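Before any comments, here is the structure.
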Amino acid sequence: MSATKLSSLYSIVRSYALKGMLLEYSTYEDLSNSKNLLEMVDRLRTTIYGTVLVEPPKPLNAENLEKIFQTNLIDVEHSLIKYVPKAGFLESYFLRHLYRNIKTILKARAIGTPYEEITRKINLRAEEYLKIRDLVVKALAEKDLESTVEALRNTPFYKNVQDALEIYQKEKDPLIFDTFLDRSFYERLLGSLKKMKRDERKSLQSLLAYDIDGYIITAVLRSRVWNLTPAETRKFMPSSGIKINGRKIEKMIQAANIEEILSELKDTVYEDVLRNIDTSSMLSTITSIESWFKEEVIKKARKTFLQEIFKLAVIYSFIKLKEVEVRNLSGIAFGVEYGLTSSQILENVRRTI
């Protein structure tokens, strides 16, 4: 990150201003009615995205538009963080862009995706800010999964990737790389959080809980899909949750079946999730739990602007809402490209304001 530090207050106030520029749901409705991507771009030019869509990408497709939306998020996020003194937590959160690319490369390599196709899915803007672009390019250029993992030897998540490779070779499910790298990322976030001042830490904890605790619950469920032993499951568990303690995590790991895992949530703050899940299949259960946690973090992020004034949690909350906006726009672009109806496209669009 930049050594230039101005004041947390500058970035906090700017976050309030940027929140006011987030797209309203009516804009998403309008975009979903676009006849084609060119029309969608034209409609976006009247919004905050007009400055990054002066010229449509070539070729004009949903994949390239998604890259533009992601780049805008990375640029805005970096511009907020670089002025914050002691921005350790926000800098750690910024690393998720790197983790996402590494996960994409490993999963693609695992299933034999051609190099050209992988590069189309990778956005290296964050790596440019972090000055590690060459490292990711080197991993991307390797010919097989094992050498790709070895190319990551000097990174902080190398051990996690090694563990993931060991289990992947047994189960052959590329999502294993997601789970292990998510664990590495959340451990880093927890470590950064512990170094924050108490008043800042408390407000950030309440937001981060939905990400980390939600990950723990779904990771335990996935361990059953992969038929992992408790010892193997512990390898991708963070050292602790936020509103789920270590004892509760261990009981979920040791549970005999999905019903027992879910029953452990009955006396926690996440009891409501049990009334909002689809238990028709393991995949449906995991997907609906993830959806519930994503919706709750959006609600919490919106409230933060009213409840945690002048706290770093405001910056983090804006970033979370901006992420949702980018997912919404990317989803709409793919829907328009593939000729989905407006109602089909809007099924997965979430309100940010």
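The values are calculated or read from the model by the stated rules, or taken from the named source; none is laboratory data. This one's a predicted model, so the numbers in the text were calculated from it and none came from an experiment. Virtual Cβ from ideal backbone geometry, glycine too; neighbours counted across all protein chains shown. When the accessible area is computed, the model is the full protein with side chains, heavy atoms only, and any ligands, DNA or RNA have been set aside. Shrake-Rupley method; radii C 1.70, N 1.55, O 1.52, S 1.80 Å.
Checking the conditions here, which among K67, K19 is within 30 Å of R201 (Cα to Cα), modelled with pLDDT of 95 or more, open to solvent by 30 Å² or more (accessible area, probe 1.4 Å) and not hydrophobic (A, V, I, L, M, F, W, C)?
Among K67, K19, only K19 is within 30 Å of R201 (Cα to Cα), modelled with pLDDT of 95 or more, open to solvent by 30 Å² or more (accessible area, probe 1.4 Å) and not hydrophobic (A, V, I, L, M, F, W, C).
Scanning the stretch 159-197 for residues that are part of a loop (DSSP other than H, G, I, E, B), open to solvent by less than 60 Å² (accessible area, probe 1.4 Å) and either closer than 14 Å to D211 by Cβ or in contact with a Gly (Cβ under 8 Å, 6 or more places away or on another chain) (or both) returns a single hit, M196. Of the residues making up the stretch 118-132, those that are free of Cβ contacts under 8 Å to residues at least 24 places away in the same chain, in a helix (DSSP H, G or I), open to solvent by less than 70 Å² (accessible area, probe 1.4 Å) and not β-branched (V, I, T) number 0.
When restricted to residues that are within 17 Å of E325 (Cα to Cα), surrounded by 18 or more Cβ atoms within 10 Å (Cβ to Cβ) and either at pLDDT below 95 or aliphatic (A, V, I, L, M) (or both), the stretch 27-61 contains 5.
Residue check: V269 meets all listed conditions (1) assigned to a helix (DSSP H, G or I); (2) closer than 18 Å to V297 by Cα; (3) more than 19 Å from the chain's Cα centre (by Cα) but one, namely (1).
Test H97 against the criterion of being touching a helix residue (DSSP H, G or I) at 6+ places or on another chain (Cβ under 6 Å) and either touching a residue at least 60 places away in the same chain (Cβ under 8 Å) or open to solvent by 10 Å² or more (accessible area, probe 1.4 Å) (or both), and give yes or no. For H97, the condition - touching a helix residue (DSSP H, G or I) at 6+ places or on another chain (Cβ under 6 Å) and either touching a residue at least 60 places away in the same chain (Cβ under 8 Å) or open to solvent by 10 Å² or more (accessible area, probe 1.4 Å) (or both) - is not met. Applying the condition of being among the hydroxyl-bearing types (S, T, Y) and within 18 Å of Q205 (Cβ to Cβ) to the stretch 261-307 and asking which residue is most open to solvent (accessible area, probe 1.4 Å) yields T268. Being assigned to a loop (DSSP other than H, G, I, E, B) and within 16 Å of E337 (Cβ to Cβ) is a description that does not apply to P85.
So that you can scan it fast, the table gives a plain yes or no per residue for (1) of a type outside the set (S, T, N, Q); (2) within 21 Å of E325 (Cβ to Cβ):
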| site | (1), (2) |
| --- | --- |
| F89 | yes, no |
| N123 | no, yes |
| A126 | yes, yes |
| T148 | no, no |
| A151 | yes, no |
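Residues are listed down the side, and each one gets a yes or a no for (1) without any contact (Cβ under 8 Å) to a residue 12 or more places away in the chain; (2) farther than 18 Å from M237 by Cβ; (3) of a type in the set (F, W, Y):
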| position | (1), (2), (3) |
| --- | --- |
| L135 | no, yes, no |
| T148 | no, yes, no |
| A151 | no, yes, no |
| F157 | no, no, yes |
| Q162 | no, no, no |
| F177 | no, no, yes |
| E187 | no, no, no |
| L190 | no, no, no |
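Note on the stretch 140-150: residues that are surrounded by fewer than 20 Cβ atoms within 10 Å (Cβ to Cβ) and within 22 Å of R188 (Cα to Cα) amount to 1.
Screening F310 against (1) at negative phi; (2) out of contact with any Phe, Trp or Tyr (no Cβ under 6 Å at 6 or more places or on another chain) leaves a single unmet condition, (1). Scan the stretch 308-345 for residues that are closer than 30 Å to L204 by Cα and either in contact (Cβ under 8 Å) with a residue 60 or more places away in the chain or open to solvent by less than 10 Å² (accessible area, probe 1.4 Å) (or both) and the total you get is 21. Taking first residues from the stretch 204-224 that are open to solvent by 10 Å² or more (accessible area, probe 1.4 Å) and partners that are of a type in the set (A, V, I, L, M, F, W, C) and not in a helix (DSSP H, G or I), the Cβ contacts under 8 Å between residues at least 6 apart in sequence or on separate chains come to Q205/I242.
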